[in-house]
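Working notes, beginning with the structure itself.
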Amino acid sequence: MPTRSRPRSGSRSRSRSWSERAVRTALAALFSLVLGGVVLVAPALAHGGSLRSAPARSLSVPLWLFLATGGGVVGASFLLASFVTDRAFVRLVHDWRRVLSLPAADALVRVANAVGVVGLLAVVGVGLFGPERALLNLGVLVVWVGWWAGFAMTTYLVGNTWPALNPWRTIARALPTLDRPYPDRLGAWPSVVGLLGLVWLEVVSPLADDPRLLALVVLAYTAVTLAGCVAFGPDTWFGRVDPVSRVFRYYGAVAPLHRDGGRVKLRIPGTGLEDADLVTNRSEVAFVVALLWVTTYDGLVATPPWRDVATALVGLGAPAVLLYPAALLVGFGVFYGAFRLAIRSGRRRAETYLPAPTLARRFAPSLLAIAAGYHVAHYLGYLIELSPTLLGALSNPLAPPSPVAVVLPAWFQGVALGFVLLGHLVAIWVAHATSFELFPGRIQAVRSQYALTVVMVFYTMTSLLIVSRPYVAPPFVS
Amino acid sequence: MSTGSTPVAGTDTAPDARGPAEGFDCSYCGRRFAREAYRDLHLGQEHEERLDDTEREAYEAAHDAEAEEIRLFRLKALAVLVLVYFGFLVVYAFTL
């Protein structure tokens, strides 16, 4: 295979140092904001401005302090949320709704259907027969910049429009279906495996650099999806098996816009995560934890510590091919185990007879807000830098103009700052509101969240540790 | 132990089947609580319109007792916040 440019590596390393600065500034800013001082933010902002061309590892504070500040901000938010003990207010925030009248909603859905199918054809067609350079290929740009960065952001910032856009759903409607009953005992486990599998594939293969390979993977996904729709019916397939639809449905629960009884309604962002029917069983809890873990994993495998560990393990005779799936599963197990421990400990502290699985599925959705926050931190800079390249390729798919990238201004850090903060604050609030709904005692509700808050601090510090390491290309992959 | 109406299995209000024999059951929905105060608070929140005078009094007593507890908790939380704030302030002052 000829060596091709790796657009993702370069832009990811830029966005890494950029997001690291943003996170650090954000933490310092929140601290001063939350605790009413300006002492901490001034030096952090000053250093943030001067770090632009410095390597990412030169934090202006020691690593342990950087991590402790992140954990401290999450813990302080929990304490602040615990001051809100007015049940009526908590319920008011949850129940606030406005009905929006969307003109010509049916026509919009049909336009989205058409856009989805044309997009799929373009990704496969241009991917297979278009320019070989990834930065010039519309298929690669649409999938990574347009869809996985841009569209995914709209699902949690605006609302989940994937059911209308999903080209496979549109195509499957035209196909016959056998309507086989879906085995209930499988639950959401196939989509957990599917999500972990897709992320593993993304990490170990040059999916972002090789348009031909990407098109083939999309074709394979198309074949599996359509076969599944024919066997079980599109509603069962996209509702229970397909990992991509599930990701967007869960992200959509964070969003302010949602459908309720055929009407589009506006709610306070994040309050959809308090609904009891969002996560209904253990396998769906596992999916939520997997979604949080894969964003972390994606960053982890591109850090120097991972390179050192991987090199040492392969040196000891571990097969390189098993390294990535093993790390994926071990990390998922650690994240899932930590969450289960938190739920069990919370159950003891709250002195409740509610079963642990019930508590797990009610508290799991709060993690989705954190996952959404980190998705923004990972992809916002990437999206904006490469948008002109995407537009160029859209203007002329077969002979695009040479790629243009946006250079982000320094003030732009503040935008990511807001979103990273928001993810954690929303998660703390959602867990707080959920505990008030579950437990009659207000102190009892606060106690139930001690362990969960500790686990959220652990997730935060893990993510910050990864974000603060310099980018290195993952070893032992093509 | 009194079992009021039969709770539906799998709902949030179903008591844990493996729960201990002691506990305080809600006579309207059957949910079980570890403390009498939790049961009384639950009655006032979930079944307010059906309460008799004794239950209403118990709810109000539990609510008042809880308010006292919350005042104490807030003081402690405030103390921790202040400690965290000044802790970080000092650490940052010595590190930067």
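If the requirement is being in contact (Cβ under 8 Å) with a residue 60 or more places away in the chain and part of a helix (DSSP H, G or I), which of these qualifies: A:Val74, A:Val111, A:Val84, A:Val99?
A:Val74
Let's see how each residue does on (1) among the hydroxyl-bearing types (Ser, Thr, Tyr); (2) more than 24 Å from the chain's Cα centre (by Cα):
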position	(1), (2)
A:Ala369	no, no
A:Tyr379	yes, no
A:Gly392	no, yes
A:Asn396	no, yes
A:Ala399	no, yes
A:Val420	no, no
A:Ser448	yes, yes
A:Ala451	no, no
A:Phe476	no, yes
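For region A:347-387, what are the residues that are buried (at least 21 other Cβ atoms within 10 Å of the Cβ), among the small types (Gly, Ala, Ser) and within 14 Å of chain B (Cβ to nearest Cβ)?
Residues satisfying the conditions are A:Ala350, A:Ala360.
Answer yes or no: is there a residue in region A:394-401 that is in a helix (DSSP H, G or I), surrounded by fewer than 22 Cβ atoms within 10 Å (Cβ to Cβ), out of contact with any Gly (no Cβ under 7 Å at 6 or more places or on another chain) and more than 14 Å from chain B (Cβ to nearest Cβ).
So far as region A:394-401 goes, yes, one or more of its residues are in a helix (DSSP H, G or I), surrounded by fewer than 22 Cβ atoms within 10 Å (Cβ to Cβ), out of contact with any Gly (no Cβ under 7 Å at 6 or more places or on another chain) and more than 14 Å from chain B (Cβ to nearest Cβ).
For region A:167-257, which fully contained helices (runs of 4 or more DSSP H) count at least 1 residues that are touching a strand residue (DSSP E or B) at 6+ places or on another chain (Cβ under 8 Å)? Give the steps one after another, and end with the answer.
Working: elements: A:167-173, A:189-204, A:211-232, A:243-252.
Passing ranges, in order: A:243-252.
Conditions (1) free of Cβ contacts under 8 Å to residues at least 12 places away in the same chain; (2) more than 11 Å from every other protein chain (Cβ to nearest Cβ), marked per residue:
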{"residue": "B:Glu49", "(1), (2)": "yes, yes"}
{"residue": "B:Thr54", "(1), (2)": "yes, yes"}
{"residue": "B:Ala58", "(1), (2)": "no, yes"}
{"residue": "B:Ala62", "(1), (2)": "no, no"}
{"residue": "B:Glu69", "(1), (2)": "yes, no"}
{"residue": "B:Leu72", "(1), (2)": "yes, no"}
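Kindly list the number of the only condition in (1) farther than 17 Å from A:Val244 by Cα; (2) surrounded by 15 or more Cβ atoms within 10 Å (Cβ to Cβ); (3) more than 24 Å from the chain's Cα centre (by Cα) that fails for A:Asp210.
(3)
Matching residues to (1) closer than 22 Å to A:Leu359 by Cβ; (2) outside any helix (DSSP H, G or I); (3) out of contact with any helix residue (DSSP H, G or I) (no Cβ under 6 Å at 6 or more places or on another chain); (4) modelled with pLDDT of 90 or more:
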residue: B:Ala17; (1), (2), (3), (4): yes, yes, yes, no
residue: B:Gly44; (1), (2), (3), (4): no, no, no, yes
residue: B:Glu60; (1), (2), (3), (4): no, no, yes, yes
residue: B:Tyr85; (1), (2), (3), (4): no, no, no, yes
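The values are calculated or read from the model by the stated rules, or taken from the named source; none is laboratory data. Please read these numbers as outputs of a predicted model, since none were measured by experiment. Positions of Cβ are generated from backbone atoms using ideal geometry, with glycine treated the same way; all protein chains shown enter the neighbour counts.
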